[in-house]
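**Q** Below are the structure tokens for one structure; questions will follow.
Read-outs: derived from the displayed coordinates by stated rules, not from any lab. What you see is a predicted model, and the numbers here were worked out from it, not measured in a lab. Here the Cβ positions follow ideal geometry from the backbone for every residue, glycine too, while neighbour counts run over all protein chains shown.
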Amino acid sequence: MKPLLFIDRWFEKISGWLLILFLGIMIVMSFGQVVLRNFFDTSIEWGDVFLRHLVLWVGYFGAVIATGERRHLKIEFLTKLVPLKVRKIFFIITNLFAAFICYLLMQASISFVQLEIESESTLILDLPLWYFIGIIPVGYAIISFRFAIHSLGWISEIPKGDWEIEEVQHL
Amino acid sequence: MNVLIIVLALIILVLIGSPLFTIIGAISLYGFSAEGIDTAAIIIELYRLASQPVLLAIPLFTVAGYFLAESKAPQRIVALAQALIGWMPGGLAIVVLISCAIFTAFTGGSGVTIVALGGLVFPILLAEKYSEKFSLGLVTTSGSLGLLFPPSLPIILYGTFAEVSIDSLFRAGIVPGIILMLVIAIYSIQQGGKAHVPRHPFDAKKAWKALKEIAWEIPLPFFIIGGIYGGWFTATEAAAVTAFYVFVVEVFIYKDLKFFTDVPRVMKESMVLVGAILMILGCAMGLTSYLIDQQVPQKLFEYISQVVTSKIFFLVLLNIFLLIIGMMMEIFSAIVVVPLIVPVAKQYGIDPVHLGIIFLANLEIAYLMPPVGLNLFMSSFRFKKSIGQVAAATLPFILVLIIALIIITYIPELSLWFVQ
């Protein structure tokens, strides 16, 4: 379990760093585009398309972190009413389900990306499109992995009878 | 039979707290596979998001809102509003209302306002002799007012999904947004009068000082609203300017946020929300195309129109439906129903822009609906009161807001006048 949790934590760290880097680029470059357009009647030709793809990347990194922090949007009122023990069982079930769905979404995006690789389509600056959309399957893969690891982590604690760990309170 | 079991399983999974995007994803995956279509189609639809210019506005407005929320901007807004309108009867209540509305417009609601601003103004309200019940109700209610004003994220999401121009929606939201605030303001003035809240004379010196404090943030609403309404900017350009400007002002001028510690933390924090929204949007794009392919909206209309023959009756049902949906889900999740209701509403002759305003006004109120509206939970958590207490305090506000909702719903001109 330990090495898996180690990998899991590194996914979170790397996503965090790249997210900050990409969001920084996004803020500066999108402002630059407005300035160029309004004051100099020009703009970076590939800029807007590039920025929109950057949103996908930042979004998937954000979603990777959301998975670890259990901050995906969900209906919570029922889970707040049940005892912690039940809440934890709910958590394990929903995480396994989420891991499965994300795995299927990963497969779906792999076949989408494959189609684009085969058709040799390019996006901007003659760069292949799949460079930009590769994050979709990678994102789902990491998210699926994290959902799975987190529920497994909790299942492994069941024999210890350790239900009352502080983490449960935040579910 | 098979389908019935799957539907039942999904309902249980939703109720025990599955991330909503996994449910939407599951339905899309099942739907496409059942039709024998490669599930890559879902991702093709998801990727269509990247062709919409407004996609870029989502992270930019979100990060700007988070920068503002984490800075001392809330204190500055409250100080200014208090200096300018604190002298009026019920003035402080209106201060709360206006500050919260501006703040919610920037942060997109979902409880951030209650946490950031509510905690700030609640003790002031009590110190000024407003009753605890009224104060609690007001702060809870104010947490979602302002969603109809630019640059509100829910408006942008509605526009993305309903394929309606964001700029028209921003224009359409102004009058209904003001009406929602006006009814609460009137109610507050009346309550303030009843409680004999002390009034402060206007102090020009104090007002000038508050104005100087906030000088760098004052231009924000003006260039966003002015820029969009004046046609100088698109919503996406306004987002780009706002994000950059807020970053520079909060980090280098006010120095409220530290570059190496606060900025990365807030960036991450805000993009977690964007990531969560993107997951839902992506899967919902797939689901939408499946539903349209199956002509579900058409069938839904045929089914509904047998029972619901008049437009008025449809609007009543729509309001009830949205209040329930909005109570159970967050605004960012409730957006999923948009592609279903837009075509049906069109058949009843309801303009998609007006529908957007109805949709958001309903969700604004739904946040307050007992027993499970999100603001009730946020308030109960923030002010350490039971859900029951918060709900009881909020109830009169809900009733007043429903009057406004009826006006907004049944007089479309209020929304559409500025658009045409």
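**Q** Measuring from a point 7 Å past the Cα of B:Lys129 along Cα-to-C-beta, which residues in region B:75-114 have an amide N at less than 16 Å?
**A** B:87-93
**Q** Relative contact order of chain B: what whole-number percent is it, with Cα pairs under 8 angstrom and at least 6 residues apart?
**A** Here the relative contact order equals 26 percent.
**Q** Another one. Scan around A:Thr122 for amide H atoms under 5 Å from its own, H built in the peptide plane at 1.01 Å from N, and keep only partners 5 or more places away or cross-chain.
**A** Under 5 Å from the amide H of A:Thr122: A:Leu129.
**Q** Further, regarding this structure: B:Ile320 to B:Val419: FRET efficiency via 1/(1 + (r/R0)^6), r the Cβ-Cβ distance, R0 22 Å, to the nearest 0.05?
**A** For R0 = 22 Å, the calculated efficiency reads 0.25.
**Q** How would you rank A:Leu78, B:Leu46, going from fewest to most other Cβ atoms within 10 Å of each one's own Cβ?
**A** With the fewest neighbours first, A:Leu78, B:Leu46 line up as A:Leu78, B:Leu46.
**Q** Rounded to the nearest 10 degrees, what's the angle between the helix B:166-194 long axis and the longest principal axis of chain B, both from Cα atoms, 0 to 90?
**A** Between the helix axis and the principal axis of chain B, the angle is about 50 degrees.
**Q** Now for a different question. What dipole magnitude, in Debye to the nearest 20, does the protein assembly as shown give about its Cα centre under +1 on Lys/Arg Cβ and -1 on Asp/Glu Cβ?
**A** So the magnitude is around 2000 debye.
**Q** Still on this structure: Give a quick list of chymotrypsin sites (Phe, Trp or Tyr not before Pro) in region B:195-226 that DSSP marks as loop, anything other than H, G, I, E or B, with at most 15 other Cβ atoms within 10 Å.
**A** Qualifying residues, ordered by number: B:Phe202.
**Q** Once you average over the residues of B:45-54, how many Cβ atoms of partner chains fall within 10 Å of each Cβ?
**A** Mean inter-chain Cβ contacts per residue within 10 Å come to 4.
**Q** May I ask you to list the GluC sites (Glu not before Pro) in region B:32-72 that are in a DSSP loop and have at most 15 other Cβ atoms within 10 Å of their Cβ?
**A** Passing sites in region B:32-72 are B:Glu35.
**Q** How large is the helix-only mean residue ellipticity at 222 nm for the protein assembly as shown, computed as the sum of -39500 (n - 2.57) over DSSP H runs with n ≥ 4, divided by its residue count, in deg cm²/dmol to the nearest 500?
**A** My calculation for the protein assembly as shown gives -24000 deg cm²/dmol from helical runs alone.
**Q** Please give the net charge around A:Arg71, taking every other residue with its beta carbon less than 13 angstrom from that of A:Arg71, where Lys and Arg add +1 and Asp and Glu add -1.
**A** -1
**Q** Enter the mean number of other protein chain beta carbons within 10 Å of the beta carbon of each residue in A:132-139, as an integer.
**A** Average neighbour count from other chains, rounded to a whole number: 2.
**Q** Working from Cα positions, state the angle (0 to 90°, nearest 10) between the long axis of helix B:352-366 and the longest principal axis of chain B.
**A** Approximately 60 degrees, to the nearest 10.
**Q** Modelling each spin label as a point 7 Å along the Cα-to-Cβ direction, I'd like the B:Ile407/B:Trp208 distance in nm, to one decimal.
**A** My value for the distance between the label points is 3.8 nm.
**Q** Still on this model: Taking the simple approach of a point 7 Å from Cα along Cα-to-Cβ for both B:Val248 and B:Leu300, what is their distance in nm?
**A** Between B:Val248 and B:Leu300, the label points sit 4.5 nm apart.
**Q** Another question about this same structure. Mind checking the full-extension length gain between A:Thr122 and A:Leu96? Use 0.36 nm per residue of separation minus the Cα-Cα distance, one decimal, nm.
**A** 5.7 nm
**Q** Between A:Phe6 and A:Val28, what is the spin-label point distance in nm, taking each point 7 Å from the Cα along the Cα→C-beta axis?
**A** Rounded to a tenth, the inter-label distance reads 3.5 nm.
**Q** Another one. Please identify every one of the chymotrypsin sites (Phe, Trp or Tyr not before Pro) in region B:258-363 that sits in a loop by DSSP and has no more than 12 other beta carbons within 10 Å of its own beta carbon.
**A** B:Phe259, B:Phe260
**Q** Still on this structure, I have one more. When Cβ neighbours within 10 Å are restricted to other protein chains, what is their mean count per residue of peptide A:46-56?
**A** Counting other chains' Cβ atoms within 10 Å and averaging over A:46-56 gives 4.
**Q** Related question: Could you pull out which residues in region B:107-146 have an amide N less than 17 Å from a spot 7 Å beyond the Cα of B:His200, following the Cα-Cβ vector?
**A** Answer for region B:107-146: B:120-130.
**Q** Longer than 21 Å from Cα to Cα, which of A:Lys80/B:Lys384; A:Lys74/B:Lys385; A:Lys74/B:Lys311; A:Lys2/A:Lys80 are they? Say none if no pair is.
**A** Beyond 21 Å between Cα atoms: A:Lys74/B:Lys385; A:Lys74/B:Lys311; A:Lys2/A:Lys80.
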